[in-house]
1. Using helices alone, I'd like the mean residue ellipticity at 222 nm for the protein assembly as shown: each DSSP H run of four-plus residues gives -39500 (n - 2.57), total over residue count, nearest 500.
2. Let me see the P(r) profile for chain A: every Cα-Cα distance counted, bins of 10 Å, each bin given as a percent of all pairs.
3. For the range B:379-470, state which trypsin sites (Lys or Arg not before Pro) are in a DSSP loop and have at most 12 other beta carbons lying within 10 Å of their beta carbon.
4. Averaged over its residues, how many other protein chain Cβ atoms are within 10 Å of peptide A:288-295's Cβ atoms?
5. With the label 7 angstrom out along Cα to Cβ, how close does B:Gly390 come to the same site in each of the other copies, in nm, nearest first?
6. When DSSP beta bridges are limited to those with both residues in the protein assembly as shown, what percentage is antiparallel, rounded to the nearest 5?
7. Could you give the angle, 0 to 90 degrees to the nearest 10, between helix B:378-388's Cα long axis and the longest principal axis of the Cα atoms of chain B?
8. Can you list the HN-Hα couplings for the range A:258-273, worked out from phi with the Karplus curve (6.51, -1.76, 1.60; θ = phi - 60°), rounded to whole Hz and with x for Gly and Pro?
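The values are calculated or read from the model by the stated rules, or taken from the named source; none is laboratory data. Keep in mind it's a predicted model, so treat the numbers as computed, not measured. Neighbour counts run over all protein chains shown; Cβ positions are idealised from the backbone, glycine included. All accessible areas refer to the heavy atoms of the entire protein, side chains included, with ligands and DNA or RNA removed. Shrake-Rupley method; radii C 1.70, N 1.55, O 1.52, S 1.80 Å.
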Number of protein chains: 2
Amino acid sequence: MPDVLIYDTTLRDGCQAEGIAFSVEDKLLVARRLDDFGVAYIEGGWPNPTSPKDREFFQRAADLEWSTAKLAAFGSTRRPGIAPEDDPQLQDLVASRAPVITIFGKSWDLHVTEILRTTRDENLRMIEDSVAWLKTQVAEVIFDAEHFFDGYRADAEYALECLRAAAHGGADCLVLCDTNGGMLPHQIHEIVTRSRAELATPLGIHCHNDAGTAVGNTLTAVIAGCTQVQGTMNGYGERTGNANLCTIIPNLELKLGVQCLLPGKLSELTSVSHYVSEIANVMPDHRAPYVGHSSFAHKGGMHVNAVMKDPSSFEHVPPETVGNERRILVSDYSGSSTIQGKLRQLWPNLDRNDPIVAEVLNRVKELENEGYQFEAAEGSLQLLARRLRGELENPFDLHGYRVSVLKADEKSEPYSEATVKVSIGDREVHTAADGDGPVNALDNALRKALTELFPRLQQVQLVDYKVRVLTADEGTATKVRVLIETTDGQETWGTVGVHANIIEASWQALVDAIVFGLLRNGD
Amino acid sequence: MPDVLIYDTTLRDGCQAEGIAFSVEDKLLVARRLDDFGVAYIEGGWPNPTSPKDREFFQRAADLEWSTAKLAAFGSTRRPGIAPEDDPQLQDLVASRAPVITIFGKSWDLHVTEILRTTRDENLRMIEDSVAWLKTQVAEVIFDAEHFFDGYRADAEYALECLRAAAHGGADCLVLCDTNGGMLPHQIHEIVTRSRAELATPLGIHCHNDAGTAVGNTLTAVIAGCTQVQGTMNGYGERTGNANLCTIIPNLELKLGVQCLLPGKLSELTSVSHYVSEIANVMPDHRAPYVGHSSFAHKGGMHVNAVMKDPSSFEHVPPETVGNERRILVSDYSGSSTIQGKLRQLWPNLDRNDPIVAEVLNRVKELENEGYQFEAAEGSLQLLARRLRGELENPFDLHGYRVSVLKADEKSEPYSEATVKVSIGDREVHTAADGDGPVNALDNALRKALTELFPRLQQVQLVDYKVRVLTADEGTATKVRVLIETTDGQETWGTVGVHANIIEASWQALVDAIVFGLLRNGD
């Protein structure tokens, strides 16, 4: 039995996020992965008639085996003025066959009288007898006290009465919810401490991130006595999101020494986080604590130097404990240890005093002054280093290109076309293609020219294209920097081009992207 | 004098973020906006020989007037074994002419002996005499105690000794830094409380977000006695970022009743946040607390219903206090006061209930869904409103264009040429021009075609051109947004274009820019 029970609500509260909509299949995939990861509860949804997907999820999930997690169905207390056994919504919860039922109830007097439009006493009865009836139907009932913290600040005694009603009804856990997400850690500390003192039932915490403090609030609540933590993967949720379990779990395990997953599972954190974002079709946040692509990336020259001497000097935890990795970025601020770290990916035994380190560093600084930026363009950096060391033979020669965009009249869409001329050995290829815009046409034409001789290019495709106009510094012409990200399905690499002409800047980055892809494939 | 002094380090620590690199012009623009917003300090960078951009920034900034903020130059304590007045790095700080100098020093014994490789005593002397000498040169010296919290946990007495050394040297503020970003709120509370008790000098707090708690940690530190808060706009910074001032400032003002901006400025928060992300060319985080596009977006049907009954039921603060707006994701009818405010610039007596307000709002929302953005494109917004009201007659008709870029061989520079066909009344003009790149050629050709009949266009010129590639949302093709800034020497206006083809997006913005310029001039 872990010290803190993780209650994942990605599939219910997480779906309130703008832009997230899981299919039933998606939900089953996420639930399967979370079960394997070792969370204690998976809240699958609200199985009522207006959510047929959630109903189907529970019906299919009931027939599957779950190794660690218990599935929970979510709903609310009964309506005012009827018996719980006559409330179709409570009946739906039982019909879901979920072994755990979680219901929310009001604990803020404002909501009781203004939103629910019932009396304070009837609300207490609704909580107590809904919980009590559900306990005759399933083994475990959790009570979510909605708006508990706002309710406590408005009328502490009434908010505590709502918890007591659920406890009398036999609830297995009382979850204190900061539904509006506006609490700060010191308020959480005070209110949880008091609630802990007043009630014997286990307490849980459910935070939202509207004040940017959901993680700190959750940890504060655990320290003050909560033993169940509700949250979502990657913090998905309505408005600013729910408490982010991908941050909370490692904080609990690594910093507070609290066990909350199966042993050995924490190193899967980064991979589980990315898996869920993949299924949710949401771009991962590169600076997310613990799991972000930038979370262990070092840029400042002095920092890099210190990290190479002792990683704990600029890393709060070792990246491998959460399945992430250290990255050394190249920038204005970088020095020779940064470059050395990078070049070791290419030449693992490279000595710091090898002259190539200084040579690459000088060239990088010159190019940065011209507007290049290599931190998202490791492909271009590696090509540059290999060229400087005389290790790189170009797989093809470029001759020229022409790009044109024609808009024939005001109503028509513009037409983009490109021609390129390249040679491979003694064979010259001169071809043309069109595209959605001038850069896409150029990319299409270059690939078309090369794919016949390098069929592996079929796997290589452009996945991201960024443009930045560099502000003109006195006298210099304005320049454009293009960053391209390319993948072959296994690895992804960045390349860069800079020129006053956006087409030429794009061309440089496109050519580097393809050369890097060809060399990687061993052509 | 505000209760808490906001110390913005976007231009120094924020630049350690992956993907962020400000030009000198960018830095001056950001500093100007922050000064107007009302922060107390703006840390501009590290003016040493390896950062020529930061040096230039301080030289140019020293000759400008600053209304609220003091500029701070950043550096470190002197090197071991020399006198402070002989340390070129400290001399550079003084030469920057910044009225405030901030230096960091080590306060973690591990770093003193392992990274800096000096003795514990020499480190204390380095702190004290560096601060003392700088105090003979400038009015205000701030000491950043790097790794203070890790240092305190390793050896509390030594960490406090480092603070005392800076205090003896005459530091005006001692800033406690969680450099690795791994602290949790309860640790911050304990350590700040002890430090506050031990020292008489004002304390500051500088947090990083590696544990996802930078905001909560900062607020906890303020409650425990820190009166200076260091952070960055949008939380930009190395790894997971710095403490996010766009979250901290409203938490301090709205929740803790602490003043930290000039009165009335908090409602500019969302706009300042977006301005900085625009200049940094970083996509704004849609779920950022307070300023995110989703931060006051309501999706759940029950929530929407409750919010319509009483917004406080699901909103921790009113969105307008921070210049954001409520969005109802199903049926959106928000924002009419924003639009009304904008349209009053055109029609000063416009009534809120005038149907043109709703008409413009609907059209703007449609266009925003397609990727347009009008915050920096009021020229386009005004043209749109005048067209919808039937008040705008186009001064010329567009027929078409052709743009081409030719690179004849690998060594030669690309050649860009554009042709355009327009008519003014019954006169048709068909002409051509070349330029530095395709957009410049198009701009030149369009101007050439029009200047003969509209000679005032000679005063109108393009001053800024920005491109952003919009991330593809499910199924939709990737689009490009172009923002152009144009001036006639008296006024400056922004225009916008969006299209999958960058040339067409640029053409839209160029045409709007010229039409706006002609109408303004009364042609």
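1. Result for the protein assembly as shown, helices only: -11000 deg cm²/dmol.
2. Taking all Cα pairs of chain A, the binned fractions are 4, 16, 21, 19, 15, 13, 9, 3, 0, 0 percent.
3. On the way: sites: B:Arg386, B:Arg387, B:Arg389, B:Arg402, B:Lys407, B:Lys411, B:Lys421, B:Arg427, B:Arg447, B:Lys448, B:Arg456, B:Lys466, B:Arg468; in loops: B:Arg389, B:Lys411.
Answer in residue order: B:Lys411.
4. Values: counts 4, 12, 4, 1, 5, 1, 8, 7.
Rounded to a whole number, the mean comes out at 5.
5. 7.8
6. So the antiparallel bridges in the protein assembly as shown amount to around 50 percent.
7. 30 degrees
8. Here the 3J(HN,Hα) series is 9, 7, 9, 10, 5, x, x, 7, 4, 6, 8, 3, 4, 5, 5, 4 Hz.
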